[in-house]
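The values are calculated or read from the model by the stated rules, or taken from the named source; none is laboratory data. For clarity, every value in this text was computed on a predicted model and none was experimentally measured. Here the Cβ is made from the backbone with ideal geometry for all residues, glycine too, and neighbour counts use every protein chain on show. Keep in mind that these areas ignore ligands, DNA and RNA; they rest on the heavy atoms of the full protein, side chains included. Shrake-Rupley method; radii C 1.70, N 1.55, O 1.52, S 1.80 Å.
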Amino acid sequence: MGGCFSDVRGGQQAVGGVQRGPTRTNVGGGGGGHNDAVELFYRAHGIQPLFTQLELSLSAAKLPDLDIMSKSDPMAVVYSKKQDGTLEELGRTEVIMNILDPVWIEKISVTYQFEVVQPLVFRVYDVDTKYHNRSVKAIKLSNQDFLGEATCVLSEIITKQNRSLTLNLCNKKWHGRQGILTIHAEETVASKNAVEIVFRCTRLDNKDLLSKSDPFLRISRIVESGEAVPFCKTEVVNNNLNPTWKPLYLTMQQFGSMDNPLIIECFDFNSSGNHVQIGKLQKSLTDLEKLHEQKTGVNFLKTCNGREKVLKGQLHVEVFRETQLHSFVDYISCGFELNFMVAVDFTASNGNPGDPGSLHYVDPSGRLNAYQQAIMEVGEVIQFYDSDRRFPAWGFGGRMSDGTISHCFNLNGIPYSSEVEGVEGIMSAYGTALRSVGLAGPTLFGKVINAAAEVAAQTVSSNTSKYYVLLIITDGVLTDLQETIDALVRASDLPLSILIVGVGSADFTRMEILDADNGGRLESSTGRIATRDIVQFVPMREVHGGRISIVQGLLEELPGQFLSYMRSRDIKPLS
């Protein structure tokens with residue numbers, strides 16, 4: 001084990017078998033596959049990046065016929081468009097001869113990242129006959145006739161009811177349409193088939209002197225080479241020799257087959273990373289299912305001086321059921337929506353908006369300030385998933401025209417409605433509020449969280465396909481910590497996530513308490529424990545230091561929070 005999980009924050013969390021959503025994959029190539037910047041953020045903060053592997057199927061119709069004696073021989077090429085405008089090829093279909101309405105069989109693999117806007121470019125070529133017997137990878141595109149091009153964003157495809165999008169093909173050489181292209185997206189099926197398991201241990205050996213062991217399980221799969229490759233571990237249960245762990249969801253991709261041998265090891269967690277093995281055993285999923293059915297346990301083993309010793313500690317299987325893990329894509333593509341809300345900090349510590357040094361300074365040159373940047377970048381992603389694109393927008397910590405200080409006021413200045421239209425509406429209302437609302441303080445979140453919770457609560461019984469996201473942008477240290485925690489604990493039962501962006505140079509240390517990335521749950525002043533983690537906090541300076549966007553820093557956890565709510569309420573995608 002060594003130092004594999006030596007960081008305390010990340011090391012005590014479950015990895016690989018938690019029902020958190022899309023699978024994290026390491027896929028090369030463009031289109032938002034493996035992202036080194038995202039991986040850097042993950043390693044630094046213990047955040048599990050959320051990716052979903054998709055396959056794109058392509059077909060076209062009414063393509064132009066450029067051949068004299070026959071019809072065109074089309075092939076499609078798919079690219080991802082990078083931020084600097086360059087194209088990176090993702091894949092090519094096969095060439096189909098003599099057809100103007102091709103349906104290609106070859107699929108294009110692309111990794112869908114919720115937190116990244118992923119522009120795609122599709123180009124269709126008429127391939128010269130002399131290239132027909134060559135691998136498509138060897139076809140020199142500059143020697144082929146270009147038929148047309150289409151562009152879209154990946155999320156536009158998966159948010160369609162049937163995950164299919166039809167686009168017009170265009171060619172600058174000719175005016176008008178050059179046929180149509182239809183793209184259909186499917187998620188890799190294997191990632192959905194899973195087994196839900198709850199493990200319990202009894203009478204584990206104690207490896208600590210002044211307290212009890214802090215056990216966790218690590219599960220490995222034996223591969224063809226005979227090596228054991230770890231693919232999952234439970235969370236750590238502190239100071240307990242008879243622990244029961246949270247449910248694990250093991251996918252077919254992880255365990256291979258029901259009869260594949262698995263190595264299950266139990267360790268005593270140490271913050272140094274030198275975890276002490278308590279015992280281990282080898283069982284297949286079929287064996288574990290029998291343990292569940294027979295309601296019996298199996299003893300751990302320990303190798304001592306080359307001989308295996310049977311230990312008193314036992315592993316039990318409390319729950320074993322085959323299930324299907326519906327993904328974030330499953331929900332969004334069948335009509336589930338994310339509804340965006342925003343709250344902006346109007347406290348005096350931001351500085352006079354007329355001063356170029358202010359965080360609220362509106363630059364005449366058009367350069368976005370920190371607040372505008374967060375609204376635009378997060379809103380650009382979220383608005384894809386909101387059908388009416390009408391967003392509640394609030395301010396807090398501002399001095400109103402009558403001299404009172406409000407910790408939740410409508411950004412648009414309309415007393416009876418907080419909604420604005422689109423991200424542009426938020427930007428416009430924000431600019432208007434800067435001219436009409438004075439900056440005051442202190443920094444209080446409780447009222448805007450309660451306002452967002454009230455909006456989310458209104459649809460719990462009537463519309464289960466809506467989920468809400470509140471973006472709070474602030475420059476200051478939170479002063480109503482317990483009130484905010486109480487509001488968050490109450491809101492944890494609702495379809496709501498809260499994304500907090502810290503701007504400026506303030507000390508945000510206390511803000512980390514709200515973001516339960518350390519595996520703990522928030523506790524209210526009455527002793528109630530939060531149902532789930534609904535907060536993600538990232539200081540802008542940390543994001544900039546890691547050279548990744550605020551979108552990547554904030555929204556990686558949102559699909560997992562969305563799924564944790566839907567699954568806790570047993571809400572399934574619409575058929």
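Of the heavy-atom accessible surface of region 222-352 (probe 1.4 angstrom), what whole percent is carbon and sulfur? Mind showing how you got there, number by number?
Working: 2620 of 5900 Å².
Carbon and sulfur atoms account for 44 percent of the accessible area of region 222-352.
Which order do peptides 93-100, 203-210 fall in by mean Cβ count within 10 Å, highest first? Could you put the intermediate results ahead of the total?
Numbers: 93-100: 17.5, 203-210: 13.2.
With the highest mean Cβ count within 10 Å placed first, the list reads 93-100, 203-210.
Solvent-accessible area assigned to carbon and sulfur over region 53-208 amounts to 48 percent, based on a 1.4 Å probe. Among the listed pairs 140/160; 107/283; 212/309; 212/280; 81/140; 246/312, those whose Cα-Cα separation exceeds 25 Å are 140/160; 107/283.
Overall, the accessible surface of region 437-485 at a probe of 1.4 angstrom is composed of carbon and sulfur to the extent of 54 percent. Averaged per residue, region 275-345 has 46 square angstrom of accessible surface, using a 1.4 angstrom probe with ligands and nucleic acids left out. In loop segments of region 255-326 as defined by DSSP, the trypsin sites (Lys or Arg not before Pro) with at most 14 further C-beta atoms inside 10 Å of their C-beta are 295. The residues of region 352-480 expose on average 43 square angstrom of accessible surface per residue, using a 1.4 Å probe on protein heavy atoms. Of the peptides 159-171, 343-355, the order by per-residue mean of other Cβ atoms within 10 Å, starting with the highest, comes out as 343-355, 159-171. Summed over the residues of region 70-109 and divided among them, the accessible surface reaches 51 Å² per residue at a probe radius of 1.4 Å.
Looking at the square roots a ≥ b ≥ c of the eigenvalues of the Cα gyration tensor of region 238-375, which shape do they give, rounded for a/c under 1.5, prolate if a/b is larger than b/c, or oblate? Intermediate values should be presented prior to the final figure.
Numbers: a/c = 3.95, a/b = 2.23, b/c = 1.77.
The shape class here is prolate.
I need the shape label for region 360-431. Rule: rounded when a/c is under 1.5, else prolate if a/b > b/c, else oblate, with a, b, c from the alpha carbon gyration tensor. Verdict is oblate for region 360-431.
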